[in-house]
Amino acid sequence: MAERKSNIIIEESEAIRQKNIIKALREEFDKAYEKTGKKKLFFIQTYGCQMNARDSEKLKGILEEIGYVETDQEEKADFIIYNTCTVRENANQKVYGRVGHLKSLKKKKNNLMIALCGCMMQEDTVIDTIKKSYNHVDIIFGTHNIYKLAELIKAKLETKDMIIDIWEAHKEIVEDLPSIRKHKFKASVNIMYGCNNFCSYCIVPYVRGRERSRAPEDILSEIKALVADGVVEIMLLGQNVNSYGQTLDQSFTFANLLEALEDIEGLERIRFMTSHPKDLSDDLIKVMGQSKKICNQLHLPLQSGSTKILNEMNRKYTKEDYLELVKKIKAARPDIALTTDIIVGFPGETKEDFEETLEVVKAVEYINAYTFIYSKRTGTPAAKIKEQLPESVVKERFNQLIDTLQPFVERHSQEKVGKTYKVLIEEVNQQEKELVSGRLSSNHLVHLKGDKSLIGKIIDVKITSAMTFYLRGEQV
Ligand code: SAH
Ligand code: SF4
Ligand code: F3S
């Protein structure tokens, strides 16, 4: 076992063990392919945030290495896996609904294997429900052991029983296993795992475990390898990237990490999420102000504009702190595109509290916002608060919030018309094949005439018009 400078223990022998299991399965799959001439297909559905999306890239990497081929037609798959999210109740309901439907498919297809993983599986009540009502599921695992997928598949092939492997916490982090990224030119990189903030409404710390930062040298070497492989844009992932480094033995902050990344030749764009306002340092603002690579976008979750509610949410900043922070960021990066998350209907939220949220929305002028209706999560402190709000009040506030945000969203898009921006071209447009789609540094989506030769390139695009959800432009 090799212990690094970080608190993360990288179990190299475990990675080798997993690779051997993958190899053995691969041999069996190849033999079956020789006989049948048919590759086995897998279907993966990912719910939730970018953490889950990144985990799914790792799951896909393992499945492809075993010999499965991805399909987007669930009914054709031999292996179906749902990587679940439990941040709000409706996320769970969706999963139960889909898993229920799989029962008839499983009856028709003898060898179909169904696996469930991700955040929802870290909850005991969920496991009980699946055992009781969804016993057609074959494999269940959680957020801490996704690297074991091949071993779990092997175990299932040897038994009729449901395989359940849920860990309470991280025992080890196994890296250096295969992973598949969607785009050749951009990639997501975990810089930390877990969360220590315990916002009172949030289940994430319970299902993702304590905060652990990866060693800077590991992150840097991963990113250098990605850049050598054609990546020009990276997204750094963590539940609170601003507290990166706190669990390291050495003194190394998120600002230090960004400075180190700035020097990587060939890396053009850096994005990151999520930034908790309480930990966004002046050093970070300075680095953002000087950087040529950090994108002109910052996701800064507000959650509520009322200091009283923020306090109940355990967010550890006030309305004034937040506004002051925005002022400092805008001074360092005047064109910054700010986005946010807002929860409507937190227990005890009064009309006045909500109006303070609207006030902040108007003051900050977000270019976009993710708005959520408060969802009671069993086991979180907020679930114990008696004063839950009536649905009708919450719905009305929610609509009012959208109406307040919308003019700013539209104005920010309109302001781009007639100007020229650098755009990273990502793909040929699905609906109109003569168009390609790309992203501005601000993360605005733009469609323009072009072909697949532009994919992965950063080109100058003049914006010609603005629609509700996207821009149109032309290459200049
Ligand atoms: N770590 C990130 C957020 C991860 S969850 C951060 O702190 O910003 C993404 C968003 O889901 C949160 O920002 C919050 O707005 C929302 N959310 C989390 N728990 C919720 C709940 N119980 N009900 C409604 N929205 C919730
Ligand atoms: Fe949840 Fe708060 Fe952690 Fe974000 S910072 S994941 S909202 S507990
Ligand atoms: Fe959901 Fe887990 Fe992300 S609960 S929001 S997928 S960390």
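The values are calculated or read from the model by the stated rules, or taken from the named source; none is laboratory data. Just so we're clear, the structure is a prediction, and the values are computed from it rather than from any experiment. Cβ coordinates were reconstructed from backbone atoms using ideal geometry, including for glycine residues, and neighbour counts include every protein chain displayed. Note: areas computed on protein heavy atoms with side chains; ligands, DNA, RNA excluded. Shrake-Rupley method; radii C 1.70, N 1.55, O 1.52, S 1.80 Å.
Of the whole protein surface, Ile166 contributes about 50 Å² of accessible area at a 1.4 Å probe radius. From most to least packed by mean Cβ count within 10 Å, the peptides 200-207, 403-410 give 200-207, 403-410.
With a threshold of 21 Å on the Cα-Cα distance, the over-threshold entries among Lys40/Lys107; Lys422/Lys449; Lys319/Lys376 are Lys319/Lys376. Using just its DSSP H runs of length 4 or more, each adding -39500 (n - 2.57), the chain gives a mean residue ellipticity at 222 nm of -11500 deg cm²/dmol after division by all residues.
A cysteine counts as unpartnered when no other cysteine's C-beta lies under 4.7 Å of its own; in the chain this applies to Cys49, Cys85, Cys117, Cys119, Cys195, Cys295. Using only alpha-carbon positions in region 350-476, the gyration tensor eigenvalues give semi-axes of 39, 17, 12 Å once each is multiplied by 5 and square-rooted (largest first). Counting only Cβ charges, +1 for Lys and Arg and -1 for Asp and Glu, the dipole size of the chain around its Cα centre is about 1120 debye. Extension gain, Ser104 to Glu28: 0.36 nm times the residue separation minus the Cα-Cα distance gives 24.6 nm.
Remark: the Glu75-Gln431 segment gains 125.7 nm on full extension, using 0.36 nm per residue and subtracting the alpha carbon distance.
Based on protein heavy atoms only, the chain ends up with 47 Å² per residue of surface accessible to a 1.4 Å probe. Computed over the Cα atoms of region 167-217, the ratio of the radius of gyration to the Kirkwood radius (Rg/Rh) comes to 1.04. For the pairs Lys106/Lys132; Lys186/Lys452; Lys94/Lys182, flag any whose C-alpha to C-alpha distance is greater than 19 Å. Over 19 Å Cα-Cα: Lys94/Lys182. Could you please state, rounded to a whole Å, how far the C-alpha centre of region 298-329 is from the C-alpha centre of region 15-36? Distance between centres, Cα-based: 51 Å. Each Lys or Arg adds one and each Asp or Glu takes one away; over the other residues whose Cβ falls under 15 Å from the Cβ of Glu268, this sums to +3. Looking at the square roots a ≥ b ≥ c of the eigenvalues of the Cα gyration tensor of region 296-415, which shape do they give, rounded for a/c under 1.5, prolate if a/b is larger than b/c, or oblate? Prolate is the answer for region 296-415, as a/c is 1.5 or above and a/b outweighs b/c. The Rg/Rh ratio for region 96-218 is 1.01, where Rg is the radius of gyration of the alpha carbons and Rh is the Kirkwood radius.
Structural descriptor for region 420-475: relative contact order 35 percent, calculated from alpha carbon pairs under 8 angstrom and at least 6 residues apart. Computed from the Kirkwood radius of its Cα pairs, the Stokes-Einstein diffusion coefficient for region 420-475 at 37 °C and 0.692 mPa s stands at 307 µm²/s. The tail of the calculated P(r) for region 2-165, taken as Cα-Cα distances beyond 19 Å, holds 57 percent of the pairs. For the peptides 222-230, 128-136, the ranking by packing is 222-230, 128-136, with the highest mean count of neighbouring Cβ atoms within 10 Å listed first. Working ranking of peptides 443-450, 384-391 by packing, defined as the average number of other Cβ atoms within 10 Å per residue, highest first, is 443-450, 384-391. Rounded to the nearest 5, the antiparallel percentage of DSSP beta bridges internal to the chain is 35%. Largest first, the three principal axis extents of the alpha carbons in the chain are 64, 58, 49 Å in whole numbers.
Of Lys60/Lys224; Lys19/Lys184; Lys224/Lys419, which ones are farther than 30 Å apart at the Cα? Those over the limit are Lys224/Lys419. Dividing the mean sequence gap of close Cα pairs (under 8 Å, 6+ apart) by how many residues the chain holds gives a relative contact order of 11 percent.
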